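The values are calculated or read from the model by the stated rules, or taken from the named source; none is laboratory data. All of these numbers come straight from a predicted model, not from anything done at the bench. Backbone-built Cβ (ideal geometry, glycine too); neighbour counts: all protein chains shown. For accessibility, only protein heavy atoms count, side chains too; no ligands or nucleic acids. Shrake-Rupley method; radii C 1.70, N 1.55, O 1.52, S 1.80 Å.
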Amino acid sequence: MNKVFNFCAGPAMLPPAVLQRAQSEMIDWQGLGVSVMEVSHRDKPFMAVAAKAEADLRELMAIPDNYKVLFLAGGGRSQFTAVPLNLLKEGEQADYLITGQWSKAAFEEAKRFRDVAIAAEIDMSTKPIALPVDIKVRAGAKYLHYCPNETVDGIEMFEEPAVDVPLVADMSSCILSRRIDVSKYGLIYAGAQKNIGPSGLAVVIVRSDLLRDDMQVPCIWDYAQQAQQGSMVNTPPTYAWYLAGLVFEWLKEVGGVAAMEAHNAAKAELLYGAIDSLPLYQNLVDASCRSRMNVVWQLKDESLNEAFLAEAEALGLLALKGHRFVGGMRASMYNAMPLAGTQALVAFMQDFAARHG
Ligand SMILES: *Cc1c(COP(=O)(O)O)cnc(C)c1O
């Protein structure tokens, strides 16, 4: 097989070293003669995996002691429902900042169950696309939900919104990609399949004082119950949890989140530099909020889209087609994407532009 670079937005590529280790341990894990998939989540060997993964994540993100870390089934979107049900009783309010497709979807889901309102909404029709400035949180709001990195639209918010209520952040596509101060948040959640591991797993980091034990929430998404039972109210996605643990170990080996931040900034700078300097391409997001994880761009002549994608794929540059809602191109470059992948993409884009310019 030729060398490929997989730019898929999610499920995304995993570090090759992690996949190799998982492969080597697949059949005979820790000399037990069985796979990690085949052992009880409540016995010592798996409990050690679970505890190590949590401890490593705490270390990587410097998560303060007054936060619980949960490993839950259901992926990112499960938390669109779990967040309002855990944090709001009927009649209580929360507000949502909308900066793209995912924060909009989180708002729409919360609206089905609770009294939620839009604190501000991005205007995609004015170019370059910029973040809303005037965020209005209602007096009674219990939290402000936002999405720091909009995976579909390629828009990233590098500063936390300045509001007086707890922040709830959907970090599915930017967790562990740059340093953040966890103590600025009430709750952080992330589907795993972008920067952590396999799909289906959600990581929830929640400040303990926000946990309420008198909420009507399906038990597997009840934060208070799950926190009390070590995320083992039911059988957790053990293999996904194990793989997440391997990714955290890998992250520590390669220098942690600070090293990833520099690595991700370098890749983004290289790719945006190519888009901005080659007249064939354009990106319409303001420089202040261009995503480092998901770079979106258009070919000004859209009739070249298919040729672009076919030639890229033939070179092993995979999954560059933009999301079906926005079209164009998208390169997702999470932690696992090496600089060589971005360099190969940029070299192809230059060559393509030279031939079609
Ligand atoms: C991918 C993604 C989700 C959805 O995750 P699922 O695991 O598919 O439910 C939610 N929010 C953001 C920001 C995402 O990138």
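Okay, here's what the table says:
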quantity	calculated
Dipole moment magnitude, nearest 20 debye, the chain about Cα centre, only Lys, Arg, Asp, Glu C-beta charged	200 debye
Accessible-area ranking of Leu278, Leu284, largest first, probe 1.4 Å	Leu284, Leu278
DSSP loop trypsin sites (Lys or Arg not before Pro) with at most 14 other Cβ within 10 Å excluded, longest remaining stretch of the chain	213-299
Rel. contact order, % - alpha carbon contacts under 8 angstrom, at least six apart, the stretch 127-247	17 percent
Per residue accessible area of the chain, 1.4 Å probe, in Å²	43 Å²
Positive-end residue of Leu309, Cys289, Gly341, charge dipole of the stretch 256-356 with Cβ unit charges	Cys289
Farthest toward positive dipole pole in the stretch 17-253 [+1 Lys/Arg, -1 Asp/Glu at C-beta], among Ser208, Tyr189, Pro237	Pro237
For a label point 7 Å along the Cα-to-beta-carbon line of Ala62, residues of the stretch 247-275 with backbone N under 13 Å	257-259
In order through the stretch 23-30: 3J(HN,Hα) via Karplus (6.51 cos²θ - 1.76 cosθ + 1.60), integer Hz, x for Gly, Pro	4, 5, 9, 4, 8, 10, 9, 6
Gyration tensor (alpha-carbon) shape descriptor, the chain, a/c threshold 1.5	oblate
Cα→Cβ-extended label distance, 7 Å offset, between Val34 and Asp123, nm	6.1 nm
Alpha-carbon centroid distance for the pair the stretch 91-137 / the stretch 30-72, whole angstrom	34 Å
Chain lengthening between Ala265 and Glu253 when straightened (0.36 nm per residue, less Cα-Cα)	2.4 nm
Farthest toward positive dipole pole in the chain [+1 Lys/Arg, -1 Asp/Glu at C-beta], among Pro161, Val49, Gln298	Val49
Exposure of Phe348 as accessible area (Å², to 10), given a probe of 1.4 Å and all protein chains	10 Å²
Where Cα atoms sit under 22 Å apart: lysine pairs in the stretch 17-253 separated by 8 or more or lying on different chains	23
Length-normalised contact order of the chain in % [C-alpha pairs under 8 Å, at least 6 apart]	23 percent
Under 14 Å from the Cα of Lys300 - aspartates and glutamates, other chains or at least 8 residues apart	Asp276
Estimated vicinal HN-Hα couplings, Hz - the stretch 265-278 in sequence order (Karplus 6.51, -1.76, 1.60; Gly, Pro = x)	5, 5, 4, 5, 4, 4, 6, 4, x, 5, 4, 6, 8, 9
His356 accessible area, 1.4 Å probe, all protein chains in place, Å² to nearest 10	60 Å²
Simple label model, 7 Å out from Cα along Cβ direction - Asp213 to Leu339, nm	5.1 nm
Solvent-accessible surface ranking, highest first, for Trp241, Trp102 at 1.4 angstrom	Trp102, Trp241
Estimated vicinal HN-Hα couplings, Hz - the stretch 78-84 in sequence order (Karplus 6.51, -1.76, 1.60; Gly, Pro = x)	4, 7, 4, 8, 5, 4, x
